[in-house]
Structures are given as C-alpha cells and as structure tokens.
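Asks: Got a structure for you, written out below as structure tokens; questions coming shortly.
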Amino acid sequence: MLLSIRNTDVSYGGEAILKDVSFDLKEGEKLAVVGRNGCGKTTLLKLIMGELTPDARDGDDRPMIAKTGDPVIGSLSQLTFEDESISLREELKKVYRPLLLLKQRMDELSRLLEENADEALAGEYAEAQERFNYLGGYRFEKDFEMLISRFGFSEADLAKSLTGFSGGQRTKIAFIKLLLSKPDILLLDEPTNHLDISTIAWLEGYIREYPRAVIVVSHDRLFLDRVAERVVEIERGKLTSYPGNYSDFVKRKKEEREQQMKLYLSQQKEKERLEQLAERFIHKATKASMARSKLKAVEHMELVEKPEEEDNRAFRGLATPARESGRDVLTVENLGIGYDKPLLKVNLKLMRGKKLGVIGGNGLGKSTFVKTLMKKIPAKSGKITFGYGVEAGYFEQQMSRALSTKTVIDEFWDDYPTLTETEVRNILGGFLFTGDDVFRNVSELSGGERVRLSLAKLLQTRPNLLILDEPTNHMDIVGREALEEMLSDYTGTLIFVSHDRYLVRRLADELLIFRPGEAEYFPWGFEEYERHYGREKTASADEVWKIENGVSQEKTEEKPKEKKINPGRERARMQRRIARLEELVEENDGKIAALKESMSDPEVASDYQKLSELQKEIDELQAANDAYMEEWEGLSAEVERSGEEGS
C-alpha cells in the first residue's frame, strides 16, 4: 500500500469537514474523488499533501497517516513561479535540476570506474542509473517537446518571459511542470479546466498509462469515466469507496441505496410483526415465553438505517417556450467573426427544436461566434437571419460574475416586479434556492450559485431560442446533472458552447466544431463525431514512453471471481422457518376459536356426534400447535446461539 490513512478527522473553525477517514491508495492506482462543492475534496488532498494536521484523538484510535517508501507527492497548488522575469524555457528546465545532477554524478562514476573497477562504485552507479531511468532521464527531452506542443505552446513561446502569459496559460505551464516532474502520487484538482477537448482527450490517454498513482478531483464526468479505476465519494464528511469509473459509481450507489431501502422496509415490517405477535401472546400462559423471546429479538435487532434521500434535484420552470418559432430558426451565411481581424467564417442552418453543441479549443472563436449572433460585437462579413417568431435568450459567462449588494430574492424580483412573493420563491426554488437561501446577498454566492440565479432570471422570459455560453462552469456534478435534465426536456431550439463533453454527448444532436481558421458544421451528435474522427489518441512518443517504462500494451486476462459463501444463509433459513411456524400457530388459533364458537351453537350443542367431531378437530389443531411450538423453541434457541457466535 502506497498510502494509508486511518482514524482521521479534520475540522475547520469548529466544523467537522472529514469524519473518521479510512483511505488507501495502491501503487499505480487511478482514483477519483467526487462530491458536492464544499464537501471536503480539496481538504482530503491537503491532508494527503501534509498541509493539514488531523484533529487530536484520545485513546487507542489515534489518527494515522502512513506512506510506503517516502513517495514524492505532486500537486498544481504546490507550484509557484519564483522569478517571473525568466523565460518559459528556463522555468520548465528547473524541473530537470535533480535529473541533471544525477546525470552529472553518473558521468563522474563512469569515469572513476574506468580507472578502478571498484564494487562499491559499481553498486552506486547501478542505483543511480535505475533512479535516472525511473525519473524518465533517457527521454526527458522528448517529454518536454511533447508536452509543450500538447498544451498549445510554440517554439517562440519558450523564449517569452512568464509575465507575458495569461492566467489560463500560466495554469498550463504549472501543469506541464507537474507532469514533467513525474511524482509518485500525482494529485489533480480540476485538471480539465482551461484545456480544450483534444487536449483533454490526450490527457486521458496520458493518465491511463501513467505508471504511478493518480488522484483526480473533477466535475468532468466523461474524464472520470475514462481514467478512474476507483471512485471515492465524500458525503456528509464520510468517505465511501466504489470500484470502477464514474458511471459504475453512479450505478452501484443507486443499487446500494435501493438494497438498503429494501432491507430497511423489510426490517421495519418484521419488527412490527414481532411486536404485534408479542402483544397478542404476552398474556397467554402457554405462549408467554414465545412472546418474551419476540420482544427480546426486537431489542437485539441491529437496526438498518433508512437511506438518505437522493440529491437528484432538477431545475424546474423551463420546458415549453412561451411561443413557438417558425421552422427555420437561424441561417448564417459566410459570417466573418473576430475582433481586430477576421478569425474565420461560419455557415450554418438551424431548424426548430434542434440542439446545437459548439465545441473546440480555447481562443478559436466559439464565444465570439455567439456574441456576434447576439450583436454584442459586429460581424466582419456575411449575413445572420433569424426566422419568424424567434425570441432568443442569451446567457454569457460574464453574467455569473456580476456582483450585486441585493439579496437573491430582490435581484430576481426587481426584474419581474409583477410576480407575487410566492411566485418568486417558487421559481427560485426551482433553481435550488430554498428556505433562507433567497435572503443571502448575491455577492456571497459561489460561482455555481450565481450561474443558477442568472439562468433563473433568463429562463423566466421563456425564449424559444436559448443560447448558452459555458453554462456549467463553476457547477458541481449535481448542478450539472440538474441543468442537463432541464435542457433535455426543453422543447425550443438550443445553441450551447461547452467543454463539458458529458453535457455535449447527452444533449447535442448537431455540432459546430471550431478549429484554427475554420468552423465545421457536423449534422450528428458527439458519439458519432468521435466515431467519425476517432477519439484523440496518445501521441507516438507516448507509445515509446510506455515501452521504456515497461507498461504492457496487451490486455491482461481477468481472473474468474471466486464465489462468496454467505455464512448467514443457514441462519436466514431458520428465521424464515420460525416466521412460518408463527403464521401456522396463528392460523390454527383462529381455526380453534372458530370451532369453539361453533360448539356453542344450540343446534350443534344438542348433537353429540357433531360435538365429538368438532372436539377431535380442535385436539388435532392443538397437537399441531404443540409440535409447531416445540420446533419454534428449538430453532429460536439455535438462532440466538448463532447470533452470539457471529458477534
């Protein structure tokens, strides 16, 4: 085990963030951490990095964090630029200082060995060579060139000082440094931010073949599907581990919740049955011991907790536009877009009810295109024609960044003053602002909450053409899934710009693909796009890297899973028989009561033969009950013994 955490709590400001954490990480494992915003994902990463100290505990269960072999842990948050005046090349070369020093020592040892074949020197050289190979020393220049290219930097960029790069580019530079350093545990917090689709697809291949451990925190569900081997969910401070990728996790969690609900309802039913049985028999001398046993069984029940309600809230309030548009919604002919100079031209025809996903790399013109449609910036050339009755609603990224000193309810109400307070609160509730949430100041909201408020205001107009520019930015997975549900049900026409491939794959039935200098209309969805163009594959340099690092390219044959034997099967069988015996006793008691009532009938009471037959039936039923009770007592004792042995 590379890393192991036990009995660990983490609190901040008196509030428990993580509770009784148990966490293991194997060498080479690819693990995803998921959960709502603010649940403690980043806290867990800081705990692993040693930036946070666990809460103190008394007794034997003290917190424990153990690492095997003192592994190197790498994270983007650890990387800073000490001197921003130096060039990009100089900054990236810092990563290789340990390698270059090691290479210098290897060269020195080689010279000494030529002069004197000393065994100690030979051993040191062998260890140095093994370490040099482990750190990728024999191909670091190829890695350097590959990563520079993959993250969109040119040869000319290498000579530029760090001050000349944007915030997004600086994040990419830090990412390159992290990957070049090849840590034993690679921590990635939202790694797909600032990356275009092709780079994300390449990164998926890189992470899958990375020979060391990786922990990923991400809202990119498709990325998690393609890289994760195990998912750890943080919910209410607790960690739960699920094998497989994100989709496996969603399926398994749903199945476990359904199973727990079945067990809970079954136990509640059994508890009620036992209590009713005990109440019925407690005052009958012959069955008092059975009744007391039932009450004892209820007391010793290990109660199954009722599962928490699923957090599957969806946005409400938008499904049908106020008015239907004409069949032809939008026609774009030779539309030149750009600021100082034209970037490219767009040709497009969009019909009513279609959902168009706009995808492509950063800086290629996606947002510029939708801003041109909405006349936020002038077209360089060409023609834009909106069809009959088209009413457009537009969400741009800047809308969620606007600060306001108003409360949430006032911010919305000021735009729609004719609505009642009840109507306003119902609409805001549809966008997950419930209770006192509506009285919070807008300036205090998170990025995802501001997006939700902006969408609530926009969608109240009920447009028949909805244009959204990166609507899921800053949203956690639950928020994204809620938005997907709403947009999936939307009957109007949709144009949306997004890097969220899961969203694009689910919603888009047409694509507009931006590449350097061109925009291609693709009349099918994202899965067909991947089949048509082929998913971005790892570069050939990566194949060399796999071979040099001993990563097998053949699929390993899975071992058949061993059948698990349920140790409680016999105990469950006995419990079922006990329940059946109780039913039989109850049925016979009912029959005996009915027969005795019949014997009191005047006509039967005067018929000696009939009375004898009825009494014979009663005696047979009572004998059967005695046999049932004898079997019941024996089985009850056996179940009680097996329960004590199991505990």
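Asks: Can you tell me which of (1) open to solvent by 30 Å² or more (accessible area, probe 1.4 Å); (2) at pLDDT below 90; (3) of a type in the set (K, R) is the one K182 doesn't meet?
Replies: (1)
Asks: Which residues, counting only those in the range 226-263, are surrounded by 22 or more Cβ atoms within 10 Å (Cβ to Cβ), among the aromatic types (F, W, Y) and touching a helix residue (DSSP H, G or I) at 6+ places or on another chain (Cβ under 8 Å)?
Replies: Within the range 226-263, Y246 is the sole residue that qualifies.
Asks: Same structure, new question: Within the range 410-432, work out how many residues are open to solvent by 40 Å² or more (accessible area, probe 1.4 Å), hydrophobic (A, V, I, L, M, F, W, C) and either modelled with pLDDT under 90 or farther than 18 Å from S443 by Cα (or both).
Replies: Of the residues in that region, 0 qualify.
Asks: Could you check, for the range 375-386, whether at least one of its residues is open to solvent by less than 30 Å² (accessible area, probe 1.4 Å), closer than 14 Å to Q460 by Cβ and at pLDDT 90 or above?
Replies: no
Asks: What is the number of the single condition among (1) more than 30 Å from D225 (Cβ to Cβ); (2) among the aliphatic types (A, V, I, L, M); (3) not in a helix (DSSP H, G or I) that A288 does not meet?
Replies: Of (1) more than 30 Å from D225 (Cβ to Cβ); (2) among the aliphatic types (A, V, I, L, M); (3) not in a helix (DSSP H, G or I), only one is false for A288: (3).
Asks: For the range 1-45, which fully contained strands (runs of 3 or more DSSP E) count at least 2 residues that are over 18 Å from the mean Cα position of the chain (by Cα) and of a type in the set (A, V, I, L, M, F, W, C)?
Replies: 3-12, 15-25
Asks: So, one more: Within the range 433-445, track down each residue that is free of Cβ contacts under 8 Å to residues at least 24 places away in the same chain and either at positive phi or surrounded by 14 or more Cβ atoms within 10 Å (Cβ to Cβ) (or both).
Replies: G435
Asks: For a quick check of your reading of the model, give me the residue pairs whose first member lies in the range 374-389 and is within 23 Å of A322 (Cβ to Cβ), whose second is among the polar types (S, T, N, Q) and open to solvent by less than 50 Å² (accessible area, probe 1.4 Å), with beta-carbon atoms closer than 7 Å and at least 6 apart or on different chains.
Replies: T385/T331; G387/S325; Y388/S325; G389/S325
Asks: Can you name the residue in the range 207-225 that is over 15 Å from D500 (Cβ atoms) and open to solvent by less than 10 Å² (accessible area, probe 1.4 Å) and is also nearest to the chain's Cα centre (by Cα) among such residues?
Replies: Once the filter is applied, the top-ranked residue is V217.
Asks: For the range 187-195, check the following and say yes or no: at least one residue is more than 21 Å from the chain's Cα centre (by Cα), farther than 25 Å from V250 by Cβ and open to solvent by 10 Å² or more (accessible area, probe 1.4 Å).
Replies: no
Asks: Six or more apart or on different chains, Cβ atoms under 6 Å: show the pairs whose first residue is in the range 342-370 and on the phi < 0 side of the Ramachandran plot and without any contact (Cβ under 8 Å) to a residue 60 or more places away in the chain and whose second is aromatic (F, W, Y) and not in a strand (DSSP E or B).
Replies: Nothing qualifies.
Asks: Within the set of pairs 6+ apart or on separate chains, which have a first residue in the range 186-211 that is in contact (Cβ under 8 Å) with a residue 24 or more places away in the chain, a second that is of a type in the set (F, W, Y) and not in a loop (DSSP other than H, G, I, E, B), and C-beta atoms under 6 Å apart?
Replies: Filtered contacts from the range 186-211: T192/F223.
Asks: May I pose another question? Does Y246 satisfy the criteria of being of a type outside the set (K, R) and under 28 Å from V72 (Cβ atoms)?
Replies: yes
Asks: Mind checking which residues of the range 491-535 are over 18 Å from S367 (Cβ atoms) and in contact with a Ser or Thr (Cβ under 8 Å, 6 or more places away or on another chain)?
Replies: Selection gives T491, G492, T493, R506, L507.
Asks: Take the conditions over 23 Å from T42 (Cβ atoms), open to solvent by less than 10 Å² (accessible area, probe 1.4 Å) and in contact with a Gly (Cβ under 8 Å, 6 or more places away or on another chain) and apply them to D143. Does it pass?
Replies: Against the criterion (over 23 Å from T42 (Cβ atoms), open to solvent by less than 10 Å² (accessible area, probe 1.4 Å) and in contact with a Gly (Cβ under 8 Å, 6 or more places away or on another chain)), D143 qualifies.
Asks: Looking at L121, L158, L112, L76, which is the one that is over 21 Å from R212 (Cβ atoms), touching a strand residue (DSSP E or B) at 6+ places or on another chain (Cβ under 9 Å) and surrounded by 12 or more Cβ atoms within 10 Å (Cβ to Cβ)?
Replies: L158
Asks: Just to verify a result, which residue in the range 290-324, among those that are among the basic types (K, R) and buried (at least 16 other Cβ atoms within 10 Å of the Cβ), is modelled with the highest pLDDT?
Replies: K294
Asks: Can I ask one more? When the range 53-73 is examined, which residues are found to be surrounded by fewer than 18 Cβ atoms within 10 Å (Cβ to Cβ), part of a loop (DSSP other than H, G, I, E, B) and not polar (S, T, N, Q)?
Replies: D55, A56, R57, D58, G59, D60, D61, R62, G69, D70, P71, V72
Asks: Further, regarding this structure: Keeping to the range 98-120, report how many residues are hydrophobic (A, V, I, L, M, F, W, C) and touching an Asp or Glu at 6+ places or on another chain (Cβ under 9 Å).
Replies: Matching residues across the range 98-120 total 2.
Asks: Then there is this: Kindly provide the set of residues from the range 452-469 that are open to solvent by less than 10 Å² (accessible area, probe 1.4 Å), at pLDDT below 90 and under 21 Å from F369 (Cα atoms), ordered by number.
Replies: Passing the criteria: only L455.
The values are calculated or read from the model by the stated rules, or taken from the named source; none is laboratory data. Since we're looking at a predicted model, the values are computed, not measured. Reconstructed Cβ throughout: ideal geometry from the backbone, glycine too, with neighbour counts over all protein chains shown. The protein model used for the area step is the full one, side chains on, heavy atoms only, and it has no ligands, DNA or RNA in it. Shrake-Rupley method; radii C 1.70, N 1.55, O 1.52, S 1.80 Å.
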